[in-house]
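The numbers here are math on the coordinates, done by the rules we state, and not lab data. Keep in mind the model is a prediction, meaning the values are calculated, not measured. Positions of Cβ are backbone-derived with ideal geometry, glycine not excepted, and every protein chain shown enters the neighbour counts.
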């Protein structure tokens with residue numbers, strides 16, 4: 001019998017009354033492009049840069065996880081950035097200056113968010129606000145060298161129906177440079193003109209007519225994870241596939257259970273945890289793949305200890321897809337797959353974003369997300385390090401035209417694992433033991 005010890009110095013702690021919220025998760029910078037429909041833009045007189053800066057600097061000064069500020073002279077940072085921040089003409093410019101200052105802390109989960117930042121909405125969902133919704137076309141994007149590229153297309157979205165593919169560069173929307181928020185502001189249900197470039201040459205550009213839609217972000221991400229469930233037939237083998245956009249809540253556990261049931265009817269499962277954002281610390285999502293009695297995960301956090309036992313006994317082959325967008329709880333899950341040897345990791349090194357974060361409101365339409373707890377996994381620090389894949393597959397998403405070389409390699413590895421094993425898999429996760 002082996003035992004996995006995970007030292008976690010962070011707890012989920014939502015204090016609604018005070019507005020202080022703490023968790024171990026992060027949102028990815030590659031975020032679902034949706035914008036709250038018909039929302040009212042903040043009035044100019046609501047913006048108070050001097051007050052906001054003082055709050056932000058003070059919170060970091062008093063509560064940051066490292067009293068030495070990761071080697072940064074925090075008082076000096078105030079002297080350098082405060083004049084520029086106070087002189088900012090608008091909230092967006094202010095946020096850009098503040099985030100330059102916060103970036104000097106070189107710590108994950110540390111950013112100032114406004115409603116014009118896509119991450120604002122995903123982080124809200126993580127912190128228990130499921131009603132947040134925005135208008136968009138249903139794509140997940142990543143900004144590379146100032147351009148916004150599609151890294152995923154949401155199932156049944158306007159983008160999918162319009163033929164947009166992963167790797168496409170979204171150039172313009174209604175004659176203006178594409179932006180994941182402003183391009184869809186107040187345009188729900190109204191057709192827009194989108195210029196999309198599929199290849200490196202401008203001749204590959206297309207003009208699409210597309211109508212943004214409105215939907216709760218939590219529902220949209222959850223629905224897409226459900227929709228991702230499928231059986232792949234490859235080289236005479238059949239195995240399940242599921243993409244988990246985050247690792248939190250009964251929805252994702254149910255989706256994983258459905259994936260396990262599908263694996264039971266086939267020969268294995270590919271679990272895609274690329275991009276999206278984090279969630280819980282991963283132990284509940286690996287437990288079903290550790291045979292009963294063969295694996296226990298001990299979680300220690302600020303004086304409390306919990307033991308999570310594996311109960312499902314699913315020993316069918318597992319391949320997990322990871323990349324630089326795999327963050328926080330997903331990185332812990334990747335680490336556990338690697339340590340136990342239970343799953344083969346394919347892709348790229350994870351982000352190394354494993355500091356416990358807390359959220360505090362700064363204004364009605366902005367908040368500070370900041371690192372408050374160091375985290376050790378088996379005595380090791382993954383922050384700034386990440387988890388290396390077993391099989392590295394570099395992937396530049398730009399102009400991929402819908403091709404996914406990492407998934408292709410995962411399928412090849414799955415066939416090898418299936419041919420080397422004779423697995424079985426129980427049909428249901430015993431949630432009482434998770």
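Could you tell me the center-to-center distance, by alpha carbons, between region 173-211 and region 221-248 in angstrom?
Cα centres, region 173-211 to region 221-248: 29 Å.
Based on the mean of other beta carbon atoms within 10 Å per residue, what is the order of 342-352, 75-85, 251-261, most packed first?
342-352, 251-261, 75-85
In Å and whole numbers, how far do the C-alpha atoms of region 133-215 stretch along each principal axis, longest first?
33, 26, 22
Once you keep just the Cα pairs under 8 angstrom separated by 6 or more residues, what percentage relative contact order results for region 66-183?
Computed over region 66-183, the figure is 15 percent.
Under 1.5 on a/c is rounded, so check that first for region 178-269, then, if it is not, pick prolate when a/b is larger than b/c and oblate when it is not; a ≥ b ≥ c are the square roots of the alpha carbon gyration tensor eigenvalues.
Taking the square roots of the gyration eigenvalues as a ≥ b ≥ c, region 178-269 is oblate.
Enter the per residue convex hull volume of region 210-262, computed from alpha-carbon coordinates, in Å³ rounded to the nearest integer.
Considering the Cα atoms of region 210-262, their hull volume per residue is 89 Å³.
Would you work out the relative contact order for region 52-127, in percent, from Cα pairs under 8 angstrom that are 6 or more residues apart?
25 percent
If contacts are Cα pairs under 8 angstrom and at least 6 residues apart, what is the relative contact order of region 133-215 in percent?
For region 133-215, the relative contact order is 31 percent.
Which value in Å does the Kirkwood hydrodynamic radius of region 316-392 take, with 1/r averaged over all unlike C-alpha pairs and then inverted?
Kirkwood radius, region 316-392: 13.4 Å.
Going by a ≥ b ≥ c, the root eigenvalues of the Cα gyration tensor, does region 104-157 fall in the rounded group (a/c under 1.5), the prolate group (a/b larger than b/c) or the oblate group?
Oblate, since a/c reaches 1.5 and b/c is not below a/b.
Can you classify region 62-193 as rounded, prolate or oblate using the Cα gyration tensor, where a ≥ b ≥ c are the square roots of its eigenvalues, rounded means a/c under 1.5, and otherwise it's prolate if a/b beats b/c and oblate if not?
Prolate, because a/c is 1.5 or more and a/b exceeds b/c.
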